[in-house]
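Working notes, beginning with the structure itself.
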Amino acid sequence: MPLIDSTATEQVSDELAVLRRLVPLQAQQIIELGCGAAAFSRRLLDRYPACRVVALEVDQTQMAANLAAPPAPGLRFIGAGAEAIPCADSRFDLALMLKSLHHVQLPLMDQALAEVRRVLRPGGQLYVSEPVFAGPLNEINRLYNDEEAVRLAAYQALQRAVASGGWRQVAEHHFLMPSRFADFDDYERRQTSVTFAERRWSPELRERVRQRFEALRPPAGAPFLRPMRVNLLQTL
């Protein structure tokens, strides 16, 4: 199974379009692991109000913001990580990990996937979406946030999970996600404001990042295209 499909051409602005092609979303009991601001789950519930989502987030700053935000019908937050899910066995039909598996500590990735399998019903599905370590935007980001090792580790953890006999892989899908930035200041603001990372660039690093951004940015009005990979697993 390749880390990247270099022939992928489909551009997807909202990943919900990919999810709903691969997974039935009518009245599903769903757990999202590493939900961030839960924007994806909120969009999902707007489109499929019969679903119910339990959203886990380990970052305390983000969790405080989630709890302070206007509530969404069908959405419940829990402060916890994927390696120790405080939910009953066979509780969910679908688990979502959207760009979050590679943030799990390396020694805990296998445990996290075992926990996900525990809380899914027999035949339940795990949708894992991960950015591929490739592309112009990645070449900028890696100057201050090199995720090559952790993204490879996440993919290898999925392979081990399938090889263990507890899962089967239903699909692997590649697509391109457009990312737009008005200018370098917009890029800097968005990359340094994430709650789970302390990013304070030195003047020297900022200049290196700026120069690479200007060298690799697409023509005016065009987005960066970020390669993405989805692995859909099902419990056995």
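Looking at (1) without any contact (Cβ under 8 Å) to a residue 60 or more places away in the chain; (2) open to solvent by 30 Å² or more (accessible area, probe 1.4 Å), which one does Ser179 not meet, given that it meets all the others?
(2)
Report whether or not Ser90 is over 15 Å from the mean Cα position of the chain (by Cα), of a type in the set (Ser, Thr, Tyr) and open to solvent by 30 Å² or more (accessible area, probe 1.4 Å).
Against the criterion (over 15 Å from the mean Cα position of the chain (by Cα), of a type in the set (Ser, Thr, Tyr) and open to solvent by 30 Å² or more (accessible area, probe 1.4 Å)), Ser90 qualifies.
Quick check on Ala55: is it open to solvent by less than 60 Å² (accessible area, probe 1.4 Å) and at pLDDT below 95?
no
What pairs can you find where one residue is in region 22-43 and closer than 13 Å to Leu126 by Cβ, the other is open to solvent by 60 Å² or more (accessible area, probe 1.4 Å) and part of a strand (DSSP E or B), and their Cβ atoms are less than 7 Å apart, with a gap of 6+ or different chains?
Here the result reads Ile30/Arg52, each pair linking region 22-43 to a residue that is open to solvent by 60 Å² or more (accessible area, probe 1.4 Å) and part of a strand (DSSP E or B).
List pairs: first in region 213-226 and farther than 14 Å from Phe175 by Cα, second in a loop (DSSP other than H, G, I, E, B) and open to solvent by 80 Å² or more (accessible area, probe 1.4 Å), Cβ under 7 Å, 6+ apart or cross-chain?
Listed by first residue and then by second, the contacts come to Pro223/Arg180.
Could you list all residues from region 59-87 that are in contact (Cβ under 8 Å) with a residue 60 or more places away in the chain and either open to solvent by 60 Å² or more (accessible area, probe 1.4 Å) or touching a Phe, Trp or Tyr at 6+ places or on another chain (Cβ under 9 Å) (or both)? Steps first, please.
In the first step, residues of region 59-87 are kept if they are in contact (Cβ under 8 Å) with a residue 60 or more places away in the chain; the result is 59, 61-62, 65.
Matches in region 59-87: Asp59, Thr61, Gln62.
Would you point out the residue of region 93-122, among those that are of a type outside the set (D, E, K, R), open to solvent by 20 Å² or more (accessible area, probe 1.4 Å) and more than 14 Å from the chain's Cα centre (by Cα), that is farthest from Gln191 (Cα to Cα)?
Only one residue fits best here, namely Pro122.
Please enumerate the residues belonging to region 227-236 that are closer than 20 Å to His173 by Cβ and either touching a helix residue (DSSP H, G or I) at 6+ places or on another chain (Cβ under 7 Å) or not polar (S, T, N, Q) (or both).
Pro227, Met228, Arg229, Val230, Asn231, Leu232, Leu233, Thr235
Could you count how many residues in region 70-86 are assigned to a loop (DSSP other than H, G, I, E, B) and under 19 Å from the mean Cα position of the chain (by Cα)?
Qualifying residue count, region 70-86: 7.
With (1) under 30 Å from Ala64 (Cβ atoms); (2) loosely packed, with under 15 Cβ neighbours inside 10 Å as the list, and Gln191 as the residue in question, which single condition is left unmet?
(2)
The values are calculated or read from the model by the stated rules, or taken from the named source; none is laboratory data. Keep in mind that this is a model prediction, so the values were computed, not measured. Because the Cβ atoms are built from the backbone with ideal geometry, glycine has one as well, and the counts that use them run over all protein chains shown. Accessible surface areas use protein heavy atoms only, side chains included; no ligands, DNA or RNA. Shrake-Rupley method; radii C 1.70, N 1.55, O 1.52, S 1.80 Å.
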